[in-house]
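Working notes for the structure below.
Nothing in this text is a laboratory measurement; each read-out follows from the coordinates by a stated rule. None of the values given here were measured: they were computed from a predicted structure. Ideal geometry is used to build each Cβ from the backbone, glycine not excepted, and the neighbour counts take in all protein chains shown.
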Amino acid sequence: MAAWRRERPDLDVEPLEVLSRLSRLARHLELARRAAFADLGLAQWQFDVLTALRRAGPPYEMTPGELMAETLVSSGTMTHRVDHMEAAGWVSRQAHPADGRVVRVRLTSAGRTAVDAAMSRLLERERTLLGALAGAERAALAGLLRSLLEPFDDEPAAGGGG
């Protein structure tokens, strides 16, 4: 920041003090997530689908449309993802009991084991990333980040994400 202030005193570089650090932290988080999932053979996108199903509660199933909304991907992308995860044995497709035209994606016991192990590993690594902060500092940071994210959460999903 000092270098930018010296080189461009006409600019207010205060946003960089926060957002550049968030960007760097996001990169460290991405690396921690990859490491947490690598031993289990999971990719981030697989974890996203598995956690959506796990959070749904018993019987751990959602429609592909619900999964699309939860993971911010297109219909074609979700179909591809479910195909791969079904082949891996982590999910299965079930016909809706009341309407056979509706398909539900259900977490299998192997998928539940995988997502539970991945979540435990991820939380262990994330605790390490937050280790320099006291509990009250973590709570304050969580609140501040929630405030920064609120405008984005209010926007309609802009097609495809991951």
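222 nm [θ] for the chain, helices only, -39500 (n - 2.57) per DSSP H run of 4+, per residue, to 500? That calculation yields -21000 deg cm²/dmol at 222 nm. Going through (i) 16.9; (ii) 18.3; (iii) 18.9, the figure that equals Kirkwood radius over Cα pairs in Å as computed for the structure here is (ii).
Charges were assigned to the Cβ only: +1 to each Lys and Arg, -1 to each Asp and Glu. The resulting dipole of segment 63-108 about its Cα centre is roughly 100 debye. A Förster radius of 45 Å, combined with the Cβ-Cβ distance separating ALA26 from VAL102, puts the computed FRET efficiency at roughly 0.80. Once both labels are positioned 7 Å from their Cα atoms along Cα-to-Cβ, the gap between ALA2 and ASP116 label points is 5.2 nm. Annotation: extensible slack from ALA38 through THR63 equals 6.3 nm (criterion: 0.36 nm per residue apart, minus Cα-Cα distance). Here THR79 and GLU14 are evaluated by their C-beta separation; at R0 = 41 Å the FRET efficiency comes out at 0.40. Look at VAL13, VAL18 and count the other Cβ atoms within 10 Å of each Cβ; fewest to most, that gives VAL18, VAL13.
Here r is the Cβ-Cβ distance between LEU130 and ASP154 and R0 is 22 Å; the resulting FRET efficiency, rounded to 0.05, is 0.25. Rounded to the nearest 20 debye, the dipole size of segment 13-154 about its Cα centre is 380 debye, using +1 on the Cβ of Lys and Arg and -1 on the Cβ of Asp and Glu.
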